[in-house]
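Trainee: My questions all concern the structure below.
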Amino acid sequence: MNKSSIRKKLLRLRKKKYKKNQSPNPIKIYKFLKNKVSQSKIIGGYYPFNYELNILNILKVFENNDFTISLPKIMKNNEMNFFKWSKKEPLKINKLGIPEPISNKKVYPNILLIPLVAFDDQLNRLGYGGGYYDRYLSRVKNKNRLLKVGLGFSFQKVKNLPVEKYDKSLDCIITEKKIIE
């Protein structure tokens, strides 16, 4: 199966199986991830959209434990960068219909939470197909040690994903049921 057909199938399945409160335990996720970074305490998240796994409670736990929270913004050149955000601050809707920070304070996360359309046991991910995360990861790979964490539902796992040269694999994947390393 090619990426496009996997993407269509899994997006339909995610919409059908989505349950609003189906999310991993935020305290458990915090404890697991906080010990994996030794540098700055900046986490890059995402605002849940299109039936993605809701990570807002996870971000709240990190913020309550003195981590800087950031969310992506799509720039004019179709590049993605991360900007500081707090749950107390408003968001604006971008051209794709996704909420993003108003802040212009660019940050470089050392933990990056990445939404998944599909994943496999080799820690490969399939996104929406825009390449935003792959381009971002290529651009910042030498800025700091970056822990790449995919988040999705357990039913989004497939046997094998087609992988192309520009695709970036993850360090771990977290679902509502388990952590895959």
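Trainee: Going by the conditions given, is F62 within 17 Å of L147 (Cα to Cα) and not polar (S, T, N, Q)?
Mentor: The answer is yes for F62.
Trainee: Can I ask one more? Looking at P109, is it farther than 23 Å from L10 by Cα and free of Cβ contacts under 8 Å to residues at least 40 places away in the same chain?
Mentor: no
Trainee: Tell me which of these D66 doesn't satisfy, since it passes every other one: (1) touching a residue at least 40 places away in the same chain (Cβ under 8 Å); (2) of a type in the set (D, E); (3) exposed (fewer than 13 other Cβ atoms within 10 Å of the Cβ).
Mentor: (1)
Trainee: Another one. Quick test of your reading of the structure: S70 fulfils all but one of (1) touching a Pro at 6+ places or on another chain (Cβ under 7 Å); (2) assigned to a loop (DSSP other than H, G, I, E, B); (3) not aliphatic (A, V, I, L, M). Name the failing condition by number.
Mentor: (2)
Trainee: Taking into account only those residues within region 122-167 that are aromatic (F, W, Y) and more than 17 Å from E52 (Cα to Cα), which is surrounded by the fewest Cβ atoms within 10 Å (Cβ to Cβ)?
Mentor: Per the criteria, the residue is Y166.
Residue by residue, here is whether (1) under 16 Å from V117 (Cα atoms); (2) part of a helix (DSSP H, G or I) holds:
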position	(1), (2)
K8	yes, yes
K15	yes, yes
P24	no, no
I27	no, yes
F32	no, yes
K36	no, no
S40	no, no
Y51	yes, no
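Trainee: Still on this model: Restricting to region 123-139, and then to whatever is at pLDDT below 95 and assigned to a loop (DSSP other than H, G, I, E, B), can you tell me which residue is nearest to the chain's Cα centre (by Cα)?
Mentor: G127
Trainee: Further, regarding this structure: Touching a Pro at 6+ places or on another chain (Cβ under 9 Å), without any contact (Cβ under 8 Å) to a residue 40 or more places away in the chain and β-branched (V, I, T), is that true of I93?
Mentor: So I93 fits the description; yes.
Trainee: Of the conditions (1) farther than 17 Å from E89 by Cβ; (2) in contact with a Gly (Cβ under 6 Å, 6 or more places away or on another chain), I27 fails just one. Which one is it?
Mentor: All conditions are met except number (2).
The values are calculated or read from the model by the stated rules, or taken from the named source; none is laboratory data. Please read all numbers here as calculations on a predicted model, not as lab measurements. All Cβ positions, glycine included, derive from the backbone under ideal geometry; neighbour counts span all protein chains shown.
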